[in-house]
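First comes the structure, then the notes that go with it.
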Amino acid sequence: MRTIAILGSTGSVGVTTLDVVARFPERFRVAALAAGRNLELLAAQISRFKPEVVAVADEAAARELRATLTGQRPLVLAGLEGAVEVATHPAAELVVSALVGALGLRPTLRAIENGKDIAFANKEVLVMAGEIVTRAARAAGVRLLPVDSEHNALFQCLEGRAPESVKRIILTASGGPFRTWTRERMEEVTVAQALNHPIWNMGHKITIDSATLMNKGLEVIEAHWLFGLDAERIDVLVHPQGVVHSLVELIDGSLLAELAVADMAIPAAFALAYPQRLPLTHLRPLSLTEAGPLTFELPDLERFPCLRLAYQALASGGTTPACLNGANEELVAGFLAGRLRFSRIWQHLATILERHSSQPARTLEDVLQADSWARAAARELMAA
């Protein structure tokens, strides 16, 4: 039996992960959960999975949760330190890192330092501090298991392959809801339109990132750190059907691809049980005859500049990816709150990257300083 802790248990990935756990009670035990302010869902998870420790966003939420719990109660903690306690729970062998954005950085790094394998659903951790995180993982001898569908697909295709046999990797993107829109039309995008993803049901932040293609840009940076490939060997193709989740091209011209229905249970289960596989009999199997034609196209970097900006940030290195991520989080939050036009997301990002003076990202403090500077710059531009 594998004992796990989940950072972000009430988000879409956390809920899917716990559904897999519930289907295989003989295989997994939940030791600790961290969430934000969705206390009703968290209370239901506590009742079902009986964690020993839980953490919520702040002390006010912790008091409210304690007041609602009956029967056997876990230790209820709050804030960043509470999330760190969840991530470092002594019994946990595997930590699912699914907190949204930069919040997951410190707990995930502490989990690695405590010898926990990491199931990565929080790409921002590697975007911000890839060098620090991968160095810590090597030092601790832990595994980084990707849960993002694209990186999980690459992980499966690369398994057992000699690094020198790989020519490049190809991340697929659905193209989001505005794949066929003109740039002029995108000036009038509403929040509701941007949240209407054609394939995946995800949280608000990642859905907006998918609409701008920033999500794919962040995945390029994540893939660089997970698989040790330079940007020149990481390509992106738009694949609207969402059947091929990513591909690997070998040096002899062979292409390997992972195909599956669009359901996060598959990558979540693969990461939880690795190196074994679980029989997910509740899922409808992929029917190639029903899937219809599978098409691929190059991303349009003029209409979706966020992908180009992410490649530029990776090339700059140092603290630039952390700057990109922090500014993007603030700008997406501004758009969701109605304070920012959709197209201003990439316009402001370009301005912030031009102003940023990249520094080496040797320590966590280096990364957090760049993140703080970028968020302040984004807020200043939105206010102006």
**Item:** Residue check, L77 assigned to a helix (DSSP H, G or I) and not basic (K, R)
**Value:** no
**Residues of the stretch 1-17 classified as surrounded by fewer than 24 Cβ atoms within 10 Å (Cβ to Cβ), modelled with pLDDT of 95 or more and not polar (S, T, N, Q), total** = 2
**Message:** Any residue in the stretch 307-335 that is outside the structural domain of L213 (by TED's automatic domain parsing) and closer than 13 Å to I221 by Cβ sitting within a Cβ distance under 8 Å of a residue that is crowded, with 23+ Cβ neighbours inside 10 Å and of a type in the set (D, E, K, R)? List the pairs, counting only those 6 or more apart or interchain.
**Reply:** L307/K216; A310/K216; A322/D371; C323/D371; N325/E124; N325/D371; N328/D209
**Request:** Just need a number here: residues in the stretch 356-366 that are loosely packed, with under 15 Cβ neighbours inside 10 Å and under 16 Å from A136 (Cα atoms).
**Result:** 3
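To keep it simple, each residue is scored yes or no on (1) hydrophobic (A, V, I, L, M, F, W, C); (2) crowded, with 24+ Cβ neighbours inside 10 Å.
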site: M214; (1), (2): yes, yes
site: I221; (1), (2): yes, yes
site: F227; (1), (2): yes, no
site: A231; (1), (2): yes, no
site: G242; (1), (2): no, no
site: H245; (1), (2): no, yes
**Asked** Does any residue of the stretch 190-197 turn out to be over 22 Å from A98 (Cα atoms), modelled with pLDDT under 95 and either assigned to a loop (DSSP other than H, G, I, E, B) or among the β-branched types (V, I, T) (or both)?
**Response** yes
**Complete:** Across (1) within 22 Å of A136 (Cα to Cα); (2) polar (S, T, N, Q); (3) assigned to a loop (DSSP other than H, G, I, E, B), Q369 clears everything bar (3)
**Request:** Kindly indicate whether D300 is within 19 Å of the chain's Cα centre (by Cα) and either assigned to a loop (DSSP other than H, G, I, E, B) or assigned by TED's automatic domain parsing to the domain that holds G175 (or both).
**Result:** no
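The values are calculated or read from the model by the stated rules, or taken from the named source; none is laboratory data. Quick caveat: nothing in here was measured; it's all calculated off a predicted structure. Here the Cβ is made from the backbone with ideal geometry for all residues, glycine too, and neighbour counts use every protein chain on show.
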